1. Of the heavy-atom accessible surface of the stretch 271-353 (probe 1.4 angstrom), what whole percent is carbon and sulfur?
2. Starting from the Cα-Cα distance between Lys148 and Gln111, subtract it from 0.36 nm times their residue separation and give me the gain in nm to one decimal.
3. For the stretch 268-345, what does the accessible surface come to per residue with a 1.4 Å probe? Please give it in Å².
4. Express the accessible area of the stretch 117-213 per residue in Å², computed with a 1.4 Å probe while the remaining protein chains stay in the model.
5. Determine the relative contact order of the stretch 162-296: mean sequence separation of Cα pairs under 8 Å and six or more apart, normalised by residue count, in whole percent.
6. Accessible area of Phe322, 1.4 Å probe, to the nearest 10 Å²?
7. For the stretch 67-163, build the charge dipole from Cβ charges (+1 Lys, Arg; -1 Asp, Glu) around the Cα centre, then report which of Leu71, Val122, Leu154 sits farthest towards its positive end.
8. If you average the sequence gap of Cα pairs under 8 Å that are 6 or more apart and divide by the length of the stretch 228-353, what percent do you get for the contact order?
Amino acid sequence: WRGAARSSAGGRARTRLPRSASESLLEVNLLGADRRLLRIISAECPKTMNSPDSNGNRKKALKMDSPFKQLVAGGFGGACLQLVGHPFDTIKVKQQLHHCSVPVALRNTVQAGGIAGFWRGVTVPLFMSVPTFGVVFCSHDLNKRVVKDLFAHLQPSHAAILETAAAGAMVAPFTSALYTPSERIKCLLQQDLARVASGMPAKYRSSMHCAQVLYREGGVCSLYRGFWHTLIRDVPAWAAYFSAYRAAKLALLPPHQQGVLDGRVELSPAATLAAGSIAGISTWAVAIPFDTLKTRWQTGKYQCWGQCLRAVTSPAGVSSLFAGFWPIVLGGVPRDAACLFGVEFALRVLNRN
């Protein structure tokens, strides 16, 4: 701080600067010192001079911003999943309800409603998938922080897998509470489409009309019929979903680009789509028997779970539990690839901004 400051016009005499940093800056400005000297002084000052917050609250704010980013990105991914995957889900439900082959289900759907018939009943699931998947990815991010200490004594690689699976399983109560009404409406509308294909009049005019009929018949309990079936399905399904995605993506990425659902590394479309496809296949390979029981319970009038199980398995034994397996598993390839690519893309955009 003892040097001299020359004015940009030149020719001014050397002036000794005071020792106080703030006074030195003021004096330099008043003397019109060279811009290069001013940049040097600014670089030597602490970075906190540029921010009114010098207690580390800015760093905390950035950390607290992560769940919000996961919420927004998850909602975007959920919309991508529902739009891509609903046609496959329509074929799956038809097979579960009527024990027909894929070609028969395709033909009946087109005859009843044309190409748009594949998206019949999509309104409510699409409306619900945005907040649901926002909650899924936000709660998964928070759950990982909760369970992290439980596996701290294990090797890092094993701990990461178990931590991801446990955090995924803990997502299930939230998704079941959000999913059950929309899935009940969707299944009833798809069952109604089969009624139309057989020449009978439609029972429901729209998703909203279906929800109103259910509420008049049994209130909120009618809308939430099948909640426990959905929960039993979702616990192993979400554990498999996040674990398979993490393992597949880390295996496909180079060492310098290792990042899963954080948005910090450059997006790799090929690895993300491939890992998302593997996650979708793994999820439905685990969940399909429970999903079949849930579908029959939500569309039937069964008095107990045993009665529903006997009704499902009576035509072809245990294999009936896997009705609709190939449409939904193969549909999981584009559906979950679209979802996880949408999430990773949104996280990358949010981190850039």
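The values are calculated or read from the model by the stated rules, or taken from the named source; none is laboratory data. It should be emphasised that the depicted structure is a prediction, and the values quoted were computed from it without experimental measurement. Here the Cβ is made from the backbone with ideal geometry for all residues, glycine too, and neighbour counts use every protein chain on show. The area values use the complete protein model at the heavy-atom level, side chains included, leaving out ligands, DNA and RNA. Shrake-Rupley method; radii C 1.70, N 1.55, O 1.52, S 1.80 Å.
1. In the stretch 271-353, the share of accessible area belonging to carbon and sulfur is 69 percent.
2. 8.1 nm is the gain from fully extending Lys148 to Gln111.
3. Per residue, the stretch 268-345 has 39 Å² of solvent-accessible surface.
4. On a per-residue basis, 45 Å².
5. Relative contact order comes out at 32 percent.
6. Phe322 exposes around 90 Å² with every protein chain in place.
7. It is Val122, whose Cα lies furthest towards the positive end.
8. Details: 143 pairs, mean separation 46.9, N = 126.
Computed over the stretch 228-353, the figure is 37 percent.
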